[in-house]
Amino acid sequence: MSTTLPTPVPVSLPETEEFWAATAEGKLLLRRCDDCGIPIWYPRPFCPVCGSFRTSWSEASGRGTVYTFTVVHRSGIPGYREALPYVVAYVELAEGPRVMTNIVDCEPDDVVVGMPVRVVFHDTGQGSALYRFQPDPTATDDGS
Amino acid sequence: MTIRGKAFIAGIYEHPLREIPDRSNSQIHAEVAAGALADAGLSFSDVDAYFCDSSAGFGPLSMADYLGLRLTHVDSTETGGSSYVVHVGHAAEAIAAGKCQVALITLAGRPRSAAMAGRPGGGGATPDMVFEGLWGMSGAVTGYAMAATRHMHEFGTTSAQLAEVKVAASLHAQHNPNAFLQEPMTVEEVLESPMISSPLRRDDCCVVTDGGGALIVVSPEVARDLSRVSAKILGHGEAIKHADNGRLDLTYTGAVVSGPRAFEEAGVTQADIDYASIYDSFTITVIETLEDLGFCAKGEGGRFVLDGALVAPDGRLPFNTDGGGLCNNHPSNRGGITKVIEAVRQLRGEAHPAVQVPDCTIALAHGTGGSIGTRMGSSTLILGTEDA
C-alpha cells in the first residue's frame, strides 16, 4: 500500500534549495515569473515562457486534480519494488502546472483521471520532504 | 535550401544478433559500420563524415579513433532513439552543403547483456531529472503508460486497439529469422500478458535486445557510381517536444512538428506513403505517432489500426515489416536506426517476400527518443526509390 512508499532524498541544486527546505516545513512552493506572472515548473529562476530572470517564490494551494496516472506493477527500484503496486501520476495543480508525483492513501484501483487531490508531505529525514497527493474529500465536484 | 534529392542512403546493416554477451559496444559499432559499408560497396577510407549518439563513447572521437576514420564532418546529436533519423537529415544537409561525400552512422548497445553503461539520463543532476526521479518511474514504460491513460481518457482508445499494433508486428516478425519474437500473436494473447504499468502490459512493450545497425549516406555523385540501389532522401523533419513549463499534453508527440516539415520538403502527402516505419517502443507510441503524422485524425489512432490496417502487404498502411521494436529488435533500447533500415529494404524490394509492399516507391521512417511522458525528440524521414 501507498503508505509504505520509500522517501528517496532529492538532489538539491542551488536553484531548488529553498524549494526542498520548504517541503520539510509542509509547504509546496511555486516559482513565479515577476514579469508575466506565470507559475513555473519545475522550479527554476528563469521563465521559460517570457525569458525573464525576474522570478520569486509563492506558496501553492496544494490542491489539484489527477491529469493522468499509471498503476506500476513491475519495478526494479529499491524501496519501490517492495511497495508494488503503486501509483505514479501527473497532478494538475490548481495554479496550472502538471507535476509528476505519487497518489497515496487510497487503493491504486480507485484512482481515476480528474480525481481531486491534495498534497501530503513525506519527510526524508534529510531536511526535505516528498510532495505526494491523496484524495481530497473536501473538494467540490468540479474536477475535469 | 532543401535536401530533396541531394543525398542517398547507399548502405544499410542491421546486426543479426539479439544477445551479444562477449563483445564491447565499440566492437559492435565497428561490425555494423563494416556491414553497411560492404552493403554500399564502399570502404572505411571512403568515409569522410561520422554520426553517432552517446553509445559510441566520447562523442564522435572514440569511434573515429577506433575505426581510423579521416573525417571532415562529425555530429553526435543525442535525441535518444530518434538520433539516427536526425543523423540522416543532418548528413543530407552536410552533403548538400558540400561538407562531405560519404557519411557513416552507427548505433550499438548491449542492454540485454549488460547494465546500461554509457547512456545519459541515469540520475544526472539537472532539475528535470531530479523532479522526475523520485516517484518510482520504472524505466520508460511508466511515462508511456501515463500517456496511454490520458489518450484513453480523452479519445476512448482501448487496450484491444493497442494490442492490434503488437499483433500486426508479430505477423511480420514471423518471417524474420533474426527477430527476437517470431510467434504470431492474437489480441487475446496480448491482453492476457502480465500488466507492467497500467494500462500497458508486457506485450505492449518492445523487446530488449543487444545489437545495433549502421547507415551510409552519400552524395548523388557517389551514389551514381555504386552498383547497389540507393534510397533517395526526399524530406526530413526534426523536433523536440518538452514538458512546456509543466503544461505538458501527453496525447501528442513531436511528430506534429517533424512530420509536416518532412512532408513539405518531400513534396508528398500521406496518401503517397507506400510503407511506414513507425517507432514502436510501446503500442501507444504507434497510435499517437500515426495521428500526429496525419495518417488519421487526432484521437482516431486506435480505430485506424483495426482490421489489419498495418499488416503488409495489403493493409492500408503497411508498417514495421521487420517486426519492429515490438517483436524484432530494439538495439541499445533505441529503435530509430532499424526504422530507416527496413524502409530502405522496402524501397529496394528486399524485404521478406511475404511482407514486401508491391511497387514500394515512397517510404517514411519515424524515430522517437526520450519519453512521450516527459520530453522527447522526434524525427521524420521520407525516402523514395532512386527515380522518385
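The values are calculated or read from the model by the stated rules, or taken from the named source; none is laboratory data. Small disclaimer: the values here were computed from a predicted structure and weren't measured. A quick note on method: Cβ atoms are made from the backbone with ideal geometry, for glycine too, and the neighbour counts reach across all protein chains shown. Each accessible area value is taken on the protein alone, full model and side chains, heavy atoms only, with ligands, DNA and RNA left out. Shrake-Rupley method; radii C 1.70, N 1.55, O 1.52, S 1.80 Å.
Check cross-link reach from B:K6 to the lysines: straight Cα distance under 17 Å, and skip same-chain residues fewer than eight apart.
Partners within reach: B:K99, B:K232.
Treating only the Cα positions of region B:194-295 as identical point scatterers, give the base-10 log of I(q)/I(0) from the Debye formula at each q in 0.11 Å⁻¹.
For the requested q values the scattering log ratios are -0.52.
Regarding region B:307-388, what are the three Cα extents along the principal axes, ordered largest first, in Å?
So the extents along the principal axes, rounded to whole Å, are 39, 30, 23.
Quote the accessible area belonging to B:F131 in square angstrom, nearest 10, computed with a 1.4 Å probe and with ligands, DNA and RNA left uncounted.
Counting only protein heavy atoms, B:F131 exposes about 10 Å² to solvent.
In bins 5 Å wide, starting from 0, what share of all Cα pairs of chain A does each bin hold, as a percent?
Bin by bin from 0 Å, the calculated values are 2, 10, 18, 20, 20, 16, 9, 4, 1, 0.
Once phi is turned into θ = phi - 60°, what whole-Hz ³J(HN,Hα) does the Karplus curve with 6.51, -1.76 and 1.60 give for every residue of region B:87-95, x standing for Gly and Pro?
Whole-Hz 3J(HN,Hα) from phi for region B:87-95: 4, 4, x, 5, 5, 5, 4, 5, 5.
Starting from the residue with the highest accessible area, list B:S83, A:S75 in decreasing order, probe 1.4 Å.
My answer, sorted largest first, is A:S75, B:S83.
Farthest toward the dipole's positive end in region A:11-135, which of A:P78, A:T68, A:C36, given Cβ charges of +1 (Lys, Arg) and -1 (Asp, Glu) about the Cα centre?
A:C36
Quick one: buried accessible area between B and A, total over both chains, 1.4 angstrom probe, nearest 100 Å²?
Details: alone 14590 and 7840 Å², together 19230 Å².
The B and A chains share an interface burying roughly 3200 Å².
Return the lysines within reach of B:K166: Cα separation strictly under 28 angstrom, same-chain partners fewer than 8 residues apart disregarded; answer none if there are no such residues.
Within reach: B:K241, B:K298, B:K339.
Work out the charge dipole of the protein assembly as shown with +1 on the Cβ of Lys and Arg and -1 on the Cβ of Asp and Glu about the Cα centre, then indicate which of B:A168, A:P8, A:V104 is farthest towards its positive end.
Positive-end residue among those listed: A:P8.
Which one, B:G89, B:G136, B:G323, has the greatest fluctuation when you compute a Gaussian network model over chain B with C-alpha springs under 10 angstrom?
Its mean-square fluctuation being the largest, the pick is B:G136.
For chain B, with a Gaussian network of springs between Cα atoms less than 10 Å apart, report the residue from B:R334, B:R112, B:R23 with the top mean-square fluctuation.
Taking springs between Cα atoms under 10 Å, the residue moving most is B:R23.
Students sometimes get this wrong: rank B:M376, B:M185, B:M1, B:M129 by accessible area, probe 1.4 Å, all chains present, largest first.
So the residues, ranked largest to smallest area, are B:M1, B:M129, B:M185, B:M376.
Residue separation times 0.36 nm, minus the C-alpha to C-alpha distance between B:D244 and B:T269: what's the value?
Computed gain between B:D244 and B:T269 is 6.1 nm.
At a temperature of 37 °C and a viscosity of 0.692 mPa s, determine how fast chain B diffuses translationally according to Stokes-Einstein, using the Kirkwood radius over alpha-carbon pairs as Rh; express D in µm²/s, rounded to the nearest whole number. Intermediate values should be presented prior to the final figure.
Working: Rh = 20.3 Å.
This corresponds to a translational diffusion coefficient of 161 µm²/s.
Cα-based Rg (one decimal) and Dmax (whole number) for the protein assembly as shown, in Å?
23.4, 75
Given Cβ point charges of +1 (Lys, Arg) and -1 (Asp, Glu) and nothing else, what value in debye, to the nearest 20, does the dipole of chain B about its Cα centre take? Mind dumping the intermediate values first?
Details: 27 positive and 45 negative charges, 114 e Å.
My answer is approximately 540 debye.
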